[in-house]
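The values are calculated or read from the model by the stated rules, or taken from the named source; none is laboratory data. Fair warning: this is a prediction, and the values are worked out from it, not measured in the lab. Virtual Cβ from ideal backbone geometry, glycine too; neighbours counted across all protein chains shown.
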Amino acid sequence: MSLVPADNVLAVCTVVFGLAWLGFWIDTLSIGRKISGVVWVLCGAMLLSNFQVIPFKSQVYDFVGGVLVPLAIPLLLFKSDMRRIFKESGKVMLIFCLASAATVTGAVLGFYLFDLGEIGPKVAGVYSGGYIGGAVNFLAVSQVVEMSTDEFSTAISASSIVSILALMILLAIPSIKWITRQFQSAYAITEDGVENKVALKSKVTSFRLTHLSGALTLSFLICTVSKFVAAKTGFEQYTFLIITALTLLIANLFPKLMNRIEGEFDTGLLLMYLFFAVVGAGTDMSAFLGAAIVLFFYGSFIIVIHLVVTFALARTFKFGLEETVVASGAALVGPAVTAAIATSRNWRELVTPGIMCGIFGYAIATFIGVSISGMLG
């Protein structure tokens, strides 16, 4: 029995929402650039459940995973206007595509080199999706390939550590003289430890109830239609894939309308952070530790192949170091962190391309990840 009973819905919700708040707060701190709030949410929830403060299972967890998570996907993809993405991303998009191909290469090679067991094809798919798009794709692919809760928790926990290492490498690369000499540079390289005073004016999200309620209604409608189509066609496991495809269709048919919506992306992030808290809470650490080691080395292998292939091709095609770092970051650590990397280095012109490539990764990564799992399964 846990300190917080499983049937005390309000108390469990208090802890879950509190963990989400903790993650968002840490993301506002300097440490959040090094270790994402997602990692703190996962680890915090894992510790609380394993020390019997909160339960391993609760109807709250079922509601978050079964209702709120599907709802988050459209909210995060409503701004995926492909025409705008390709228009504003420029050369960085070409490198991002090379980086995505490098991720797939690493995932497939690693699948044959490491003994991943029966979940090997699933892990290859979710890691491909996660290292091209982000956590939302990691989740979507895991649902399509029917990965269990324990398998998902182990996979994402190991992946989170690898993502931290990838971020540290990306931050260090522009200061490694041997690497900088291999590339042409149009930017001044900031030395490690020197604070960059240039900051971009951040857009303040406006939460308009008409916008947010409309976005939630549309998201519910997309999830309802997708689930109906999946059930009628007998492909229930592809519900998340249908949700993604239908959202992208709407986003590109009505780009101006979708672009005017405010507050939906932040709401989607909140739902995802709630999900990470739920995943951590349902993880038995004694079962996690053994399986996570192999997945950590597998994920690390993918990152190494990604970086080596991406930077080798970028040098061959004479792309700039800064553009390559931003494109690689958009795939490995997502648009928000990539924007922070570009800002900290004073690569202001690369902030928008980095964000656009990251959003493009959200749009395509689920399809790529599912394809990889199907090919290797």
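Laid out as a table, the results:
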| read-out | value |
| --- | --- |
| Index of the failed condition, Glu262 passing every other in (1) at pLDDT 85 or above; (2) part of a helix (DSSP H, G or I) | (2) |
| Meets criteria (among the β-branched types (Val, Ile, Thr), buried (at least 22 other Cβ atoms within 10 Å of the Cβ) and modelled with pLDDT of 90 or more) for Thr316 | no |
| Check on Ile169, modelled with pLDDT of 85 or more, more than 24 Å from Met46 (Cβ to Cβ) and in a loop (DSSP other than H, G, I, E, B) | no |
| Neighbours by Cβ (under 9 Å, 6+ apart or cross-chain): first from region 365-377, under 11 Å from Val144 (Cα atoms); second of a type in the set (Lys, Arg) and part of a helix (DSSP H, G or I) | Ser373/Lys122 |
| Breaking point among (1) surrounded by fewer than 19 Cβ atoms within 10 Å (Cβ to Cβ); (2) free of Cβ contacts under 8 Å to residues at least 24 places away in the same chain, for Thr338 | (1) |
| Residue that is surrounded by the most Cβ atoms within 10 Å (Cβ to Cβ) [pool: residues in region 109-124 that are under 20 Å from the mean Cα position of the chain (by Cα) and within 21 Å of Leu307 (Cβ to Cβ)] | Val123 |
| Subset tally (residues that are at pLDDT 90 or above and either assigned to a helix (DSSP H, G or I) or buried (at least 21 other Cβ atoms within 10 Å of the Cβ) (or both)) for region 48-61 | 8 |
| Positions within region 316-349 being charged (D, E, K, R), assigned to a helix (DSSP H, G or I) and more than 13 Å from Ala99 (Cα to Cα), in sequence order | Glu322, Arg348, Glu349 |
| Qualifying residue in region 346-354 (condition: over 12 Å from the mean Cα position of the chain (by Cα), crowded, with 24+ Cβ neighbours inside 10 Å and closer than 21 Å to Asp266 by Cβ) | yes |
| Residue match in region 327-334 (condition: surrounded by fewer than 19 Cβ atoms within 10 Å (Cβ to Cβ) and either touching a residue at least 12 places away in the same chain (Cβ under 8 Å) or among the aliphatic types (A, V, I, L, M) (or both)) | no |
